[in-house]
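Participant: My questions all concern the structure below.
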Amino acid sequence: MGEKPIKGEQKAFMTGNEAVAWAALAADAEIMYGYPITPQNEVMQYWTRLAPKYDKRFLQTEDELSAGFTTVGGVLAGRRAFTATAGPGNVLMQEPMSMAEAMRIPTVVVIQQRGGPSTATVIYSQQEVTLTCFGGNGEGLRIVYSTSSHQELFDYTIKAFNTAWKYRFPTFVLADGYQAKMRESLVLYDPQAKGIEMVPTESFVGKPGTPGEDRPPAHLRNTYNTEEELFDVLSKNIREFEENAPEITEYEEFNTDDADLLLIAHGIVFRSAAMAARELAGEGQKVGYFRPITLRPFPQEELRQAAAKAKQVMVVESAYGQLLKLVKENLYGMEVPIKTHLRPGVGITPEEIVADTKKILGEGE
Amino acid sequence: MEVLPKIPKSWNLESKPHKFCPGCGHGLVLKALGQVIDELGIQDRVVFGCDIGCSLLAWDFFNVDSVQTHHGRTTPVMVGIKRANPELIVVAYMGDGGGYAIGSQHLVNAATRDDKITVLLVNNTIYAMTGGQMAPTTMPGQKTETTPYGRDVGVAGYPMMGPEMVSAITQEGAYVARGSVARFRKLKQYIKNALQNQMDERGFSFVEALSTCPTNWRTNAEKTWAFLEEQMTDQYPPGEFKTPQGKEG
Ligand SMILES: Cc1ncc(C[n+]2csc(CCOP(=O)(O)OP(=O)(O)O)c2C)c(N)n1
Ligand code: SF4
Ligand SMILES: [Mg+2]
């Protein structure tokens with residue numbers, strides 16, 4: 001192998017897409033497969049510029065079905081392989097990712113959410129939460145990190161490879177067009193310099209030796225003769241997903257003791273929610289926030305504990321109730337009132353949240 | 001005369017007798033493939049990918065690493081493996097529905113990109129696994145479950161001529177042939193040429209195998225063979241369409 005792409009730590013000011021490409025390089029990803037779609041294009045564009053210098057490969061495929069299935073192939077060959085997509089590409093990506101999910105193939109996919117179907121907007125939304133968490137004909141046995149900044153895009157893209165290869169579930173980094181296209185400062189680093197060891201990869205096919213003589217052949221399949229046979233496989237996968245969930249889930253919270261209002265938000269909207277909460281807290285209001293970093297698996301216990309101490313919660317998102325659905329499911333049985341601030345397909349400013357919060361808290365008196 | 005071993009060494013005996021219906025052509029195509037894998041001595045580096053369709057019944061057919069994928073998606077999975085590890089020899093095994101309908105964009109693009117893979121496609125003029133609906137290769141006038149009065153080409157279009165198309169869109173260095181389970185030795189030679197082409201890193205390789213489906217054709221042995229040997233062979237001329245030297249058949 002040639003030189004390391006990043007030595008030690010390096011300050012940078014760049015777009016989120018560029019940060020993803022650097023993170024994949026830093027994580028020693030070996031091959032990217034992809035199909036152009038805004039707002040993800042520059043991940044491929046930076047990767048193709050940087051990759052040959054570090055002996056990495058790229059294949060531009062004929063569509064996202066192919067991008068997903070070639071990524072599956074790359075992983076089967078034992079490589080750290082990934083793809084990136086958005087919107088309608090994410091829809092097509094669900095067919096290959098359902099194969100990866102059922103066969104426990106550690107693919108990594110970066111999603112830069114855009115609005116609506118087709119080319120509704122190529123700019124921004126948080127409308128791909130349900131699709132990314134539960135798309136495909138399966139049980140949603142995947143890991144979804146929702147990032148909120150360029151630093152996190154870098155951190156979690158590296159982490160996604162390790163999570164995928166450690167637990168063998170398809171892993172998604174879920175961001176959006178704002179994060180993709182904005183420029184922000186961040187620190188790039190060589191994971192090793194930070195004490196992060198990359199989880200080693202392993203070939204699913206083409207291991208040394210002759211199958212049937214020196215070793216059993218790999219017979220990988222998604223075809224079963226009976227319902228019970230499939231049930232056994234699924235039960236094992238579900239058990240492993242649930243057993244590992246506490247280790248995988250990540251969240252962040254602020255001012256959750258005794259909040260009059262607990263804001264719940266993810267991704268870039270969380271940043272607005274956090275600014276709003278801090279501003280209101282500074283004014284002496286009892287406002288906190290809870291942010292799930294992993295949307296799958298969801299930090300259920302932690303949210304329930306925070307919600308138990310709050311008078312009410314408010315879900316804030318750039319979608320019409322996709323995070324809300326997750327929140328309701330995870331708060332099932334609790335009586336805390338749930339308010340909403342839902343703005344499908346558009347960004348949300350701290351000012352809007354502050355105004356809405358004040359209205360709600362005013363009403364309550 | 002050379003006496004061939006009855007059962008290829010690369011076959012997985014634990015999954016035999018195989019799961020195809022009596023009189024099915026799939027078993028013959030896979031027998032040819034097994035013998036070729038043995039003769040080329042590549043059992044340790046072949047990856048066999050099978051589609052959804054009756055080809056999926058071959059998921060444990062061989063003692064070679066095998067991946068059963070989704071309907072139409074075997075080509076991109078094999079492309080992904082080959083691009084990630086060019087040392088491996090990959091075979092994408094599929095039906096005419098998988099290759100010419102739902103997965104046609106993958107076939108066309110892998111062929112034009114000159115991916116160094118081998119696609120082995122079984123043409124039985126029908127969607128066999130789903131119970132005998134029309135396939136892209138259903139013959140004009142042929143009755144199927146979705147063309148109960150016979151394929152009307154004015155409504156349902158004409159049969160897909162796969163090797164003809166693939167040879168038109170591939171570069172020099174590609175290998176394209178159509179064989180038939182009725183001409184076993186020829187078919188086997190074509191499969192061998194295709195895999196050799198991949199091993200020599202010359203280019204894309206593609207073999208269509210004319211095959212039988214007595215179950216969905218609802219034919220007895222005699223009629224099965226006659227349909228294959230006469231009607232199908234008329235519509236779909238066997239032979240080599242493209243060889244790396246540029247020689248025709
Ligand atoms: C996405 C998708 N669509 C449809 C099907 C249903 N399906 C299974 S096999 C098949 C057709 C198989 O025909 P062919 O590819 O010719 O293979 P054969 O069974 O004839 O060997 C279809 C349509 C599926 N499994 N997946
Ligand atoms: S249905 Fe047809 S193609 Fe499928 S196994 Fe039976 S004979 Fe073969
Ligand atoms: Mg068929």
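The values are calculated or read from the model by the stated rules, or taken from the named source; none is laboratory data. A quick note: this is a predicted structure, and the numbers were derived from the prediction, not measured. Positions of Cβ are generated from backbone atoms using ideal geometry, with glycine treated the same way; all protein chains shown enter the neighbour counts. The area values use the complete protein model at the heavy-atom level, side chains included, leaving out ligands, DNA and RNA. Shrake-Rupley method; radii C 1.70, N 1.55, O 1.52, S 1.80 Å.
Participant: When the dipole is taken about the Cα centre of the stretch A:9-194, and only Lys, Arg (+1) and Asp, Glu (-1) are charged at their Cβ, what size is it in debye, to the nearest 20? Present the calculation step by step, with values, prior to reporting the outcome.
Facilitator: On the way: 16 positive and 18 negative charges, 72 e Å.
So the dipole magnitude of the stretch A:9-194 works out to roughly 340 debye.
Participant: Roughly how big is the B-A contact, given as buried accessible area in Å² (both sides, 1.4 Å probe, nearest 100)?
Facilitator: Rounded to the nearest hundred, the buried surface is 2900 Å².
Participant: Could you point to the residue in B:Phe62, B:Thr215, B:Val166 farthest towards the positive end of the stretch B:13-242's charge dipole, with +1 and -1 charges on the Cβ of Lys/Arg and Asp/Glu respectively?
Facilitator: B:Thr215
Participant: If you wrap the stretch A:253-363's Cα atoms in a convex hull and average its projection over all directions, what's the area in nm²?
Facilitator: Values: hull surface 24.2 nm².
About 6.1 nm², averaged over all directions.
Participant: While we're on this one: Alpha carbon centre of the stretch B:119-174 versus the stretch A:271-345: separation in Å?
Facilitator: Taking the Cα centre of the stretch A:271-345 as reference, the centre of the stretch B:119-174 is 55 Å away.
Participant: Take every residue in peptide A:54-61, count the Cβ atoms of other chains within 10 Å of its Cβ, and give the average of those counts.
Facilitator: Average per residue, whole number: 3.
Participant: Can you list the lysines whose alpha carbon is less than 16 Å from that of A:Lys359, not counting same-chain residues fewer than 8 positions off?
Facilitator: A:Lys286, A:Lys311, A:Lys339
Participant: Give the lysines whose C-alpha is closer than 27 Å to that of B:Lys9, dropping any in the same chain fewer than 8 places away, or say none.
Facilitator: A:Lys207, B:Lys19, B:Lys31, B:Lys82, B:Lys116, B:Lys186, B:Lys188, B:Lys192
Participant: Moving on to the next point. What is the Å³ per residue value for the convex hull set by the Cα atoms of chain A?
Facilitator: 147
Participant: Run through all the Cα pairs of the stretch B:13-242 and give the fraction in each 5 Å bin from 0, expressed as whole percent.
Facilitator: 1, 7, 16, 21, 22, 16, 10, 5, 2, 0
Participant: When only Cα pairs under 8 Å and 6 or more residues apart are kept, what is the percent relative contact order across chain B?
Facilitator: 18
Participant: Quick one: net charge of B:Ala194's neighbours, Cβ under 12 Å, K/R +1, D/E -1?
Facilitator: Values: positive: B:Lys116, B:Arg178, B:Lys188, B:Lys192, B:Arg202, B:Lys242; negative: B:Asp200, B:Glu208, B:Glu240.
Neighbourhood net charge equals +3.
Participant: Using only alpha carbons, build the gyration tensor for the protein assembly as shown and give me the equivalent ellipsoid semi-axes, biggest first, whole Å.
Facilitator: Output for the protein assembly as shown: semi-axes of 51, 25, 22 Å.
Participant: Still on this structure: Estimate the FRET efficiency between A:Glu247 and B:Ala168 by the formula 1/(1 + (r/R0)^6), using the beta-carbon distance for r and 56 Å for R0, to the nearest 0.05.
Facilitator: 0.55
Participant: Could you list the trypsin sites (Lys or Arg not before Pro) in the stretch A:1-56 that lie in coil according to DSSP, counting only those with at most 15 other Cβ atoms within 10 Å of their Cβ? Before the final figure, lay out the partial values.
Facilitator: Working: sites: A:Lys7, A:Lys11, A:Arg49, A:Lys53, A:Lys56; in loops: A:Lys7, A:Lys56.
Loop-located and lightly packed - A:Lys7.
Participant: I've got another one for you. Give, ordered by residue number, each residue of the stretch A:201-218 whose 1.4 Å probe accessible area is reduced by a minimum of 10 Å² on adding the remaining protein chains to the chain alone.
Facilitator: A:Val205, A:Gly206, A:Gly209, A:Thr210, A:Pro211, A:Gly212, A:Glu213, A:Arg215, A:Pro217, A:Ala218
Participant: With +1 assigned to the C-beta of every Lys and Arg and -1 to the C-beta of every Asp and Glu, and no other charges, what is the dipole magnitude of the stretch A:253-363 about the Cα centre in debye, to the nearest 20?
Facilitator: That gives a dipole near 240 debye.
Participant: Then there is this: Zone of A:Leu234 (label point 7 Å along Cα→Cβ, backbone N under 12 Å): which residues in the stretch B:123-166?
Facilitator: Under cut-off, by backbone N: nothing.
Participant: Can you pull the mean other chain C-beta count within 10 Å for peptide B:23-31?
Facilitator: For this peptide, the per-residue mean of nearby foreign Cβ atoms is 0.
Participant: Other chains near B:42-55: what is the mean number of their Cβ atoms within 10 Å of each residue's Cβ?
Facilitator: 3
Participant: Label 7 Å along Cα→Cβ of B:Ala156; the stretch B:83-118 residues with amide nitrogen under 20 Å?
Facilitator: In the stretch B:83-118, the label zone of B:Ala156 (backbone N under 20 Å from the point 7 Å along Cα→Cβ) covers B:95-104.
Participant: Continuing with the same structure: By a straight-distance test (C-alpha under 16 Å), which aspartates and glutamates pair with B:Lys242 as possible cross-link partners, with residues fewer than eight away in the same chain excluded?
Facilitator: Correct list for B:Lys242: B:Asp114, B:Asp115, B:Glu164, B:Glu172, B:Asp200, B:Glu201, B:Glu208.
Participant: I would also like to ask the following. Share of antiparallel DSSP beta bridges in chain A, in percent to the nearest 5?
Facilitator: Here the share of antiparallel DSSP bridges comes out near 30 percent.
Participant: What distance in nm separates the simple spin-label points at B:Asp114 and B:Ser15, each placed 7 Å from Cα in the Cβ direction?
Facilitator: Taking the two extended label points, one gets 3.4 nm.
Participant: Moving on. Once the other residues with Cβ under 11 Å from the Cβ of A:Ala100 are scored (Lys, Arg +1; Asp, Glu -1), what is the net sum? Don't jump to the answer; show the numbers that get you there.
Facilitator: Working: positive: A:Arg104, A:Arg142, A:Arg168; negative: A:Glu95, A:Glu101.
Cβ neighbours under 11 Å give a net charge of +1.
Participant: Find how much the distance from A:Glu3 to A:Glu329 grows on full extension, using 0.36 nm per residue of separation minus their present alpha carbon separation; answer in nm with one decimal. Present the calculation step by step, with values, prior to reporting the outcome.
Facilitator: On the way: separation 326, 0.36 × 326 = 117.36 nm, distance 4.77 nm.
Using 0.36 nm per residue and subtracting the Cα-Cα distance, I get 112.6 nm.
Participant: I would also like to ask the following. At most 13 other Cβ atoms within 10 Å plus a DSSP loop assignment makes a site exposed; report the longest stretch of chain B without any exposed trypsin sites (Lys or Arg not before Pro).
Facilitator: Answer from the scan: B:7-217.
Participant: Scanning chain A for chymotrypsin sites (Phe, Trp or Tyr not before Pro) in DSSP loops with at most 14 other Cβ atoms within 10 Å, what's the longest stretch left with none? Before the final figure, lay out the partial values.
Facilitator: On the way: sites that count: A:Tyr224, A:Tyr320, A:Tyr332.
After excluding every exposed loop site, the longest remaining stretch is A:1-223.
Participant: Share of chain A's accessible area from carbon and sulfur, percent, 1.4 Å? Mind dumping the intermediate values first?
Facilitator: Details: 7220 of 14400 Å².
Within chain A, the accessible surface is 50 percent carbon and sulfur.
Participant: I would also like to ask the following. How far apart, in nanometres, would the label points at B:Lys223 and A:Glu213 be if each is projected 7 angstrom from Cα along the Cα-to-Cβ direction?
Facilitator: Here the answer is 4.6 nm between the modelled labels.
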